[in-house]
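What follows is a set of notes on a single structure, which appears directly below.
Each reported figure results from applying straightforward, stated rules to the coordinates on display, with no laboratory input. This is a predicted model, so every value here is computed, not measured. Note that we place each Cβ from the backbone using ideal geometry, even for glycine, and neighbour counts take in every protein chain shown.
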Amino acid sequence: MYLCDMLALIGFKRIIAGLAVVTVVVIVAVVVPVVIVENLSKQTAGNYSFACYSAANTYGYLYVNTFDPSNVNVNLIAQNRGTGGNFQFYITIVLQPGSTYILVVTTYAPGVTTAFSIIASGPTSIGLLTTTTRTSITSESTIPVTATPVTTSTPIAGSSNYTSELTNSSQTFTRYGSTGTFYYQAIQINVSVTGNYSFACFSAANAYGYLYVNTFDPSNVNVNLIAQNSGTGGNFQFYITIVLQPGSTYILVVTTYAPGVTTAFSITASGPTSIGLLATTTRTSITSESTIPTITAPPAILNNTCMSAWSGSRTVLLYLSNSTAFSYTLFQYTFVATMISTTLAFALRQDPSYWCLDDISVIGNGQQIWQDGGFETSPLTQYHTYCNPNAAAASGVISATCAHSGHYSFYDGSVRYSDYLSQSFTKVVGQSYSISFWLENRGGPINSFIAIITT
């Protein structure tokens with residue numbers, strides 16, 4: 001059983017060693033503003049557990065029959081903080097048929113609000129009832145229990161929750177960077193506002209997350225991969241933060257670090273506005289290539305002396321900002337020429353690590369148009385235009401450090417400012433062209449990568 005919610009501004013006094021502390025609280029028995037664990041007479045007595053996952057330090061209390069926030073010691077049968085790891089509560093207790101139980105979710109410190117998830121497990125599923133009553137609890141409405149992926153939004157703008165589970169019937173693949181068979185779930189993400197978004201996973205297993213743009217193909221897991229993570233969220237959970245753009249479809253793939261593992265999980269997504277989260281069962285991508293999306297990038301990167309001579313409109317193919325490290329990944333795009341001359345450029349910044357760019361390709365009518373995409377010819381400027389408008393240190397060079405193929409690649413660690421690599425070529429108006437390149441991010445807390453084309 002798994003559900004999500006956000007701690008709302010409902011106050012009560014949590015008693016600590018005789019002191020009354022006003023605390024934000026949600027009354028829950030697996031989540032929502034007020035929920036009751038009930039009707040065990042229709043279920044099975046046994047040992048049940050309630051695990052909390054949250055970005056805050058949480059505290060859980062379990063009551064029997066009634067809960068009165070003005071008398072918090074009455075009917076209290078269990079409480080916990082921290083046993084679940086990462087400052088999360090974990091309560092395990094034998095529940096009996098014929099009683100109603102109330103789980104109160106709150107925080108260790110007063111006045112704290114946070115998104116959270118509760119995963120409940122036991123010998124059978126648990127009936128859930130909801131009410132808005134703040135004193136003794138009475139039954140009002142039943143919350144259906146389902147293992148079907150659902151999309152929910154909290155009342156607080158900018159945060160969305162998604163709960164589901166990986167089971168033996170889930171789709172399988174071999175995740176990027178590993179071997180073996182893994183259960184996974186693909187979640188489509190839609191955003192309406194450009195900004196920095198984060199995706200935190202909460203589960204009982206060691207979770208691994210991958211983020212793709214436009215399409216996800218489980219048979220080609222390196223294609224369109226823009227971010228991946230495992231463990232940054234604490235307690236062996238993934239936490240991905242990345243700038244997303246409206247006009248593109250993103251796919252979050254939830255899986256586990258080890259193969260063959262099943263688990264319930266919850267995703268808390270946050271950003272400048274609410275986020276659409278929708279399960280997708282498509283096992284293959286619509287196409288291995290993607291049409292140019294509508295993406296914006298910081299004006300300072302797009303408007304400078306390096307780009308002042310370019311003609312035509314500028315379209316951003318790819319914008320990565322403060323991306324987590326990833327190994328060589330193939331990015332592919334198609335476009336129809338609307339003018340004779342086009343410039344394809346890359347703007348790179350990496351503090352304090354490096355980008356590796358290799359095997360750039362532009363194909364039209366079956367012919368390779370881009371020259372020296374493998375960077376096997378020296379000097380760099382023989383075929384490429386290079387510009388470093390702010391004289392950034394550790395700027396891009398041809399290097400044998402991290403070639404994808406051949407002996408060399410473009411190796412760029414431009415500090416504080418972006419430097420630019422570009423090449424112009426002639427096209428036939430109305431003809432379709434394919435662009436591809438391989439990119440590796442060697443890490444660094446501050447970085448950006450932009451691929452731009454004039455159309």
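Tabulated results
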{"quantity": "Residues Ser248, Ser117, sorted so that the one with the fewest Cβ neighbours within 10 Å comes first", "calculated": "Ser248, Ser117"}
{"quantity": "Gain upon complete extension [Ser361, Thr426; 0.36 nm per residue less C-alpha separation]", "calculated": "22.0 nm"}
{"quantity": "Distribution of pairwise C-alpha distances over the range 291-454, 10 Å bins, in %", "calculated": "11, 42, 38, 9, 0"}
{"quantity": "Phe326, Phe67 arranged by Cβ crowding within 10 Å, fewest neighbours leading", "calculated": "Phe326, Phe67"}
{"quantity": "Pair Tyr386, Ser170: separation of 7 Å Cα→Cβ label points (nm)", "calculated": "4.6 nm"}
{"quantity": "Difference of contour (0.36 nm per residue) and Cα-Cα distance, Thr338 to Ser308", "calculated": "8.8 nm"}
{"quantity": "Per-pair calculated FRET efficiency, R0 = 45 Å: Ala393 and Ile77 via Cβ, rounded to 0.05", "calculated": "0.10"}
{"quantity": "Per-peptide average of other Cβ atoms within 10 Å, ordering 249-258, 372-381 highest first", "calculated": "249-258, 372-381"}
{"quantity": "Simple spin-label estimate for Asp372 and Asn190 in nanometres, 7 Å along Cα-Cβ", "calculated": "4.6 nm"}
{"quantity": "Proxy reagent accessibility, fewest Cβ within 10 Å first, across Thr401, Thr334, Thr179", "calculated": "Thr179, Thr401, Thr334"}
